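Trainee: Sending over a structure as structure tokens; questions will come in a sec.
The values are calculated or read from the model by the stated rules, or taken from the named source; none is laboratory data. All figures in this text were calculated on a predicted structure; none of them were measured in a lab. A quick note on method: Cβ atoms are made from the backbone with ideal geometry, for glycine too, and the neighbour counts reach across all protein chains shown. With ligands, DNA and RNA removed, areas are computed over all heavy atoms of the protein, side chains included. Shrake-Rupley method; radii C 1.70, N 1.55, O 1.52, S 1.80 Å.
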Amino acid sequence: MAAAELRQAVDGPTRPVWVLVPLESIGPLRFGTCLNDVAALLPGMIELRRFQADPHYPHILGAQFGVGPEAPCVYTYFDDAGRLFCVAVDAAWGPQVTLDGLELTSCVPADLEQILVDASRSGTLDVSYGPRGNPGANGLGLVVRVQETADGVVTRPVLVGRDWADRCVDDWEGRIPECEWVGRQWSYPGHSEHWPPPGYAPNWHDWQPPF
């Protein structure tokens, strides 16, 4: 499927636009907000479920919001103090996240990567890659993941607030919960396109990825 056709397939006419203010907010959601307030800030969405987001930090709570069980839009994560510290936007159903006019949701990965690389080369953005090959910018609290949808593999932005942005691109040492690293990975030479890779069993104890 061509890039333009893929974007048309995944971008519906009713996809809302959420502006990213790096390290502070994404759309109506401000980092540091409690779960009850997050729910109130998402009119038109319902809380679909709550889940343990990380096998090693059971106090990290995940809450999934969407317009129905088959249409999850936003994944929100809360620290041990109950503060919103991480937001991931579903590539198929979530809002279009923009940064200075640049679209981050449901993009063709190679196209968005080229834009990020060009910005890094020009000195306007400091882009790095995590151990599993996902690009992002610690200074923006941004990691760009990929997600398999019915129409192809497209981008899934993951954002964190200022207090949690240090090394956020590093999927071993950053604060983004493990469930957001599981599944399809960015195409990167020498790395598996899935985590966990075939034949590898992580030390997750009794925990299973929630999606």
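Trainee: Please list 58-71, 197-210 highest first by mean number of surrounding beta-carbon atoms within 10 Å per residue.
Mentor: Values: 58-71: 16.1, 197-210: 10.4.
The packing order, highest mean first, is 58-71, 197-210.
Trainee: Arranged from highest to lowest average of other beta-carbon atoms within 10 Å per residue, in what order do the peptides 77-84, 95-102 appear?
Mentor: Highest to lowest by the protection proxy: 77-84, 95-102.
Trainee: Could you compute the net charge surrounding Pro189? Neighbours are other residues with a C-beta less than 15 Å from the C-beta of Pro189; K and R count +1, D and E count -1.
Mentor: Taking every Cβ under 15 Å from that of Pro189, the sum is -1.
Trainee: Relative to the Cα centre, what is the charge dipole magnitude of the chain, using +1 at the beta carbon of each Lys and Arg, -1 at the beta carbon of each Asp and Glu, and rounding to the nearest 20 debye?
Mentor: Here the size comes out at about 160 debye.
Trainee: If you take the square roots of the eigenvalues of the alpha-carbon gyration tensor of region 139-211 and sort them as a ≥ b ≥ c, do you get rounded (a/c under 1.5), prolate (a/b over b/c) or oblate?
Mentor: Here region 139-211 falls in the oblate category.
Trainee: So in the chain, what percent of DSSP beta bridges are antiparallel if you round to the nearest 5?
Mentor: Antiparallel bridges: around 95 percent, rounded to the nearest 5.
Trainee: Just by accessible area at a 1.4 angstrom probe, what is the order of Val158, Val108 from largest to smallest?
Mentor: The ranking, largest first, comes out as Val108, Val158.
Trainee: Sticking with this structure for a sec: In whole percent, and with a 1.4 Å probe on the protein chains, what portion of the accessible area of the chain is carbon and sulfur?
Mentor: Details: 5190 of 9960 Å².
Of all accessible area on the chain, carbon and sulfur atoms account for 52 percent.
Trainee: Can you list the residues, at least 5 places off or on another chain, whose amide H is less than 5 Å from the amide H of Ser25, using H built in the peptide plane?
Mentor: Placed amide hydrogens put Phe31 under 5 Å from Ser25.
Trainee: Order the peptides 133-145, 175-187 from the highest to the lowest mean number of other Cβ atoms within 10 Å of their residues.
Mentor: Peptide ranking by packing, descending: 133-145, 175-187.
Trainee: Just one of (i) 10.5; (ii) 13.3; (iii) 11.6 is mean projected area of the Cα convex hull in nm² as worked out from the coordinates here. Which one is it?
Mentor: Step by step, mean projected area of the Cα convex hull in nm² for this structure corresponds to label (iii).
Trainee: Here is a further query. Can you tell me what percent of all Cα-Cα pairs in region 46-156 are more than 24 Å apart?
Mentor: Pairs farther apart than 24 Å: 31 percent.
Trainee: Continuing with the same structure: For region 18-34, just list the computed ³J(HN,Hα) in residue order, Karplus coefficients 6.51, -1.76 and 1.60, θ = phi - 60°, integers in Hz, with x standing in for Gly and Pro.
Mentor: 10, 7, 8, 9, x, 6, 10, 7, 9, x, x, 9, 9, 4, x, 6, 7
Trainee: Still on this model: Hey, what's region 57-211 come to in accessible area per residue, 1.4 Å probe, Å²?
Mentor: 44
Trainee: Using the alpha-carbon centroid of each, what span in Å lies between region 164-211 and region 75-145?
Mentor: 16
Trainee: Ok, one more. Per DSSP H run of n ≥ 4, the term is -39500 (n - 2.57); total these for the chain, divide by its residue number, and report the mean residue ellipticity at 222 nm rounded to 500 deg cm²/dmol.
Mentor: Calculated from helices alone, the mean residue ellipticity at 222 nm is -4000 deg cm²/dmol.
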